[in-house]
1. Work out, in µm²/s and without decimals, the Stokes-Einstein translational diffusion coefficient of the chain at 4 °C, 1.567 mPa s, Rh from Kirkwood over C-alpha pairs.
2. To one decimal place, what Kirkwood hydrodynamic radius in Å is obtained for the range 26-79 from all pairs of distinct Cα atoms?
């Protein structure tokens with residue numbers, strides 16, 4: 001196992017954004033939209049992107065939500081300190 005490329009969850013997110021697909025979604029409603037977007041993305045998209053919600057309605061700036069961080073092979077490999085250049089987990 002190689003050394004981890006991150007030191008905390010924020011640095012994991014930054015590294016994951018560089019090696020895999022992600023979507024930044026702003027002004028989502030926590031009560032009706034975030035859950036629906038996460039569930040439909042997880043169910044319908046193979047190797048789904050990491051979803052980053054910012055400026056969530058009803059919350060102060062800086063209160064963000066990250067979903068599906070480990071739903072794609074590359075991000076799982078990153079989390080475990082494994083090579084991220086493989087097409088799937090081997």
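Bear in mind that the values in this text are calculations on the coordinates, not laboratory data. Owing to the predicted nature of the structure, the values given are computational and were not obtained by experimental measurement.
1. Working: Rh = 13.9 Å.
Value of D from the Cα-based Kirkwood radius: 94 µm²/s.
2. Its Kirkwood hydrodynamic radius stands at 11.8 Å.
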